[in-house]
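The values are calculated or read from the model by the stated rules, or taken from the named source; none is laboratory data. Remember, it's a predicted structure, so these values are computed and weren't measured experimentally. Using ideal geometry, Cβ is built from the backbone for each residue, glycine included, and neighbour counts are taken over all protein chains shown. Surface areas here come from the heavy atoms of the whole protein model, side chains and all, with no ligands, DNA or RNA. Shrake-Rupley method; radii C 1.70, N 1.55, O 1.52, S 1.80 Å.
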Amino acid sequence: MNQARGGDVPLLAEDELPPVLEEGRNGSSNFLIVVDHAGARIPRCLGDLGLAPSELLRHIAWDIGSLGVARRVAAALDAPLVAQNYSRLVIDCNRDPAVPTSIPTRSEATEIPGNVGLSVAQSAARRAALFDPYHRHIGALLDARLAAGRDTILVAQHTMTDVYQGARRSMHAAVLYNRDRRFAGLVLEMLRRETGLHVADNEPYFVSDATDYTIPRHGEARGLPHVEIEIRQDLVGDEAGQALWAARIASALRDAQHAFLRTSPLDPQGVSP
Ligand SMILES: [Zn+2]
């Protein structure tokens, strides 16, 4: 059982999908789109983590529709995209591995038996196989862009559940940030131009060091303009919804970039003299 839970052997077999999905690396855009919760896959050696198949398709396993939206946004902007292929239930790639919920033993009301009582080695194997390669990949891409004198605006695409702990969420989407609202504020303004669209400002949650990793690590720490975007998952469950939202978001990002450049020219990787 220990070995089957990924203690002593590499978590991913050679014939399994790699952790990182990358597309459009050489795109001409200033944007980099990242999708931390794109995939619902579980490494084969971990089985189903003790969960019913229906649980593995729910929001607790992945951000439904997020990759479909992000791919279309990236294509529309000619931007590179980096996404995680494996489920957040194995290890959450938008959470500091030092935080206890990095490998959750419970998500909403669902207990995750395959995550209970892991040894230090088992947790480390998940990090080494999935978390580290993903963040190394993003870091290396940002380093390469910096070395090439290219600007970057970081966009983290997520989707959120429409019903959380019994309460239906009324917003259609949300724009999230923590220390640096410069770019996020502009994206919010652009999305809110559309009548009838309810786009929340840093609700129902916000970016923080305890609940997030990607924006603090790759956006804030490098001083890059950035935004985290949430869309309610029931709006992007099919291709039509994904296409509609991708067009909306691509247009908001484009216009936010124009507005941003008018006020504060991009400094590659943000390091001011
Ligand atoms: Zn997410």
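A few comments on the model shown:
- Exactly one residue among VAL82, VAL90, VAL20 is in contact with a helix residue (DSSP H, G or I) (Cβ under 8 Å, 6 or more places away or on another chain), of a type in the set (A, V, I, L, M, F, W, C), within 15 Å of the ligand (Cβ to nearest atom) and within 28 Å of ARG145 (Cα to Cα), and that residue is VAL82.
- Among the conditions (1) open to solvent by 50 Å² or more (accessible area, probe 1.4 Å); (2) among the aromatic types (Phe, Trp, Tyr); (3) in contact with a Leu (Cβ under 7 Å, 6 or more places away or on another chain), the only one that TYR164 does not satisfy is (3).
- In the condition set (1) within 16 Å of the ligand (Cβ to nearest atom); (2) open to solvent by less than 30 Å² (accessible area, probe 1.4 Å), ARG58 is compliant with all but (2).
- Cβ pairs under 9 Å, 6+ apart, first in the range 188-208 and more than 10 Å from LEU176 (Cα to Cα) and open to solvent by less than 60 Å² (accessible area, probe 1.4 Å), second in a loop (DSSP other than H, G, I, E, B) and hydrophobic (A, V, I, L, M, F, W, C): LEU191/LEU197; VAL199/MET171
- Selection from the range 23-55 of residues that are within 16 Å of the ligand (Cβ to nearest atom) and either more than 24 Å from TYR213 (Cβ to Cβ) or among the charged types (D, E, K, R) (or both): ASP36, ARG41
- Tallying residues that are at pLDDT 95 or above and part of a loop (DSSP other than H, G, I, E, B) within the range 152-170 yields 1.
- Matching residues in the range 98-119 - criterion: being modelled with pLDDT of 95 or more, part of a helix (DSSP H, G or I) and open to solvent by 60 Å² or more (accessible area, probe 1.4 Å): PRO113
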